[in-house]
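Colleague: Have a look at this one.
Throughout, read-outs are computed from the coordinates displayed, never taken from laboratory work. Remember, it's a predicted structure, so these values are computed and weren't measured experimentally. Because the Cβ atoms are built from the backbone with ideal geometry, glycine has one as well, and the counts that use them run over all protein chains shown.
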Amino acid sequence: MAERTLNAGATRQFASEARHPAIDALIRIVRNPVGGGSAIVLFVLIASAVVAWAGFGGDPYTSLGGRLDSPNREFLFGTDQIGRDVFARVLQGAVISLYVGFLATGLAGGLGSAVGLLSGFAGGWLDLVIQRVVDALLSIPGLVLALFFAAVFDPSTETGVLAITIAITPAVSRVIRSAVLAAKENVYVEAARTIGATPLRIMVRHVLPNVTAPILIMMSTLLGAAILIEASLAFLGMGAQEPDPSWGVMLRSARQFMEVAPWLVLAPGAAISLTVLAFNLLGDRIRDVLDPRLRGSR
């Protein structure tokens, strides 16, 4: 009897000290070298964007030095063709990239999740119609679809957000639909139907919480893609415009000075590469942690 009491007490103590699942997942993400390194890079990027947004990163719009000055103590990344501080413009470009990336991914995640949830749960003719529209959109490359949408409206940062949202929403809806098709066949959904729960209640209270992990994985992975599409649109003149210091705008303006001032291309190019790589690696790590089938595989 004493042994049973001791075991029960130890079990309760262990249960009381258990971490929250979200905290436990976060710890497993940052403990991994890839996840931790990516998190550090993204933390530095976000901190730099906050500094630039607060006005402490220098003036990215005014000519402060000579034309095409090489990197030096005053201008860490040199100056551009009209004497603007490239370092200040790269920091301000992080604000634009993160704004577009998070906003477009959030809109696409919300819209795609709603469409995928409705399509997968309803089934029947509604699922058939929605999926044929999704198939038509997925048959067009995302960048081409974004270019088409951006060409219809005046080029701007907001136009880029809408174009990216339209480009990545179909992929999100398809993945969420697959997760919903698997979740709605579980026993707890059948039990909810048995006790008289309405379809809307079953969808919101029972199915949606069980497809949250795929939604988070998709959003973390698509953040890098959204930033890359934004830079591509700006480079092609369909997104942010001068004098906004978007990384894509900086690359477009620096094309004719690549040979005499390579730092004009290297600075925004390295920023894009590091940001997209960090988001992709972090998304992979989040997938490994949140997907039970992949736990312990790496």
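Colleague: Taking the simple approach of a point 7 Å from Cα along Cα-to-Cβ for both Val30 and Ile82, what is their distance in nm?
Modeller: Label at Val30, label at Ile82, 4.2 nm between them.
Colleague: Go ahead and estimate [θ] at 222 nm for the chain from helices alone: -39,500 (n - 2.57) per DSSP H run with n ≥ 4, summed, over the residue count, rounded to 500.
Modeller: Mean residue ellipticity at 222 nm (helix-derived): -23500 deg cm²/dmol.
Colleague: Mind checking the full-extension length gain between Arg205 and Val265? Use 0.36 nm per residue of separation minus the Cα-Cα distance, one decimal, nm.
Modeller: 16.6 nm
Colleague: Now for a separate question. Counting GluC sites (Glu not before Pro) as exposed when in a DSSP loop with at most 16 other beta carbons within 10 Å, what is the longest stretch of the chain free of them?
Modeller: Numbers: sites that count: Glu17, Glu74, Glu185, Glu259.
Free of exposed loop sites, the longest segment is 75-184.
Colleague: Using 0.36 nm per residue, how much length does the chain from Leu138 to Ala197 gain when fully extended, once their Cα-Cα distance is taken away?
Modeller: 17.8 nm
Colleague: Calculated FRET efficiency, Glu74 and Phe148, Cβ-Cβ r, R0 41 Å, to nearest 0.05? Intermediate values should be presented prior to the final figure.
Modeller: Numbers: r = 44 Å, r/R0 = 1.06.
Rounded to the nearest 0.05, the efficiency is 0.40.
Colleague: Using the membrane-span-like helix rule (whole DSSP H runs, Cα extent along the own axis of at least 20 Å, mean Kyte-Doolittle hydropathy at least 0.5), which helices of the chain qualify?
Modeller: 33-53, 86-122, 124-138, 157-183, 212-235, 263-290
Colleague: Now, a different point. Roughly how many nanometres apart are two label points built 7 Å out from the Cα toward the Cβ at Ala122 and Phe257?
Modeller: Placing both labels 7 Å along Cα→Cβ, they lie 5.4 nm apart.
Colleague: Mind listing the Cα extents of the range 167-225 along all three principal axes, in Å, largest one first?
Modeller: Cα spread of the range 167-225 along its principal axes, largest to smallest: 43, 17, 15 Å.
Colleague: Obtain the nm distance between the two label points defined at Tyr99 and Leu277 by a simple spin-label model: each point lies 7 Å from its Cα along the Cα-to-C-beta direction.
Modeller: The modelled label-to-label distance comes out at 2.8 nm.
Colleague: I would also like to ask the following. If you bin the C-alpha pair distances of the range 155-298 every 5 Å from 0, what whole percents do you get?
Modeller: 2, 9, 14, 14, 14, 12, 10, 9, 7, 5, 3, 2, 1, 0, 0
Colleague: Once every Cα of the range 70-184 carries one equal point scatterer and solvent is ignored, give the base-10 log of I(q)/I(0) from the Debye formula at q = 0.21 Å⁻¹, two decimals.
Modeller: So the normalised log intensities work out to -1.07.
Colleague: At q = 0.22, 0.30 Å⁻¹, what log₁₀ I(q)/I(0) does a Debye calculation on the Cα points of the range 115-172 give, no solvent, two decimals?
Modeller: Ignoring solvent entirely, the Cα scatterers give -0.81, -1.11.
Colleague: Taking 10 °C and 1.306 mPa s as the conditions, I'd like the Stokes-Einstein D for the chain in µm²/s, using the Kirkwood hydrodynamic radius from alpha carbon pairs.
Modeller: 73 µm²/s
Colleague: Note the full-extension length gain between Leu181 and Phe56 as 0.36 nm times their separation in residues minus their Cα-Cα distance, in nm to one decimal.
Modeller: 40.1 nm
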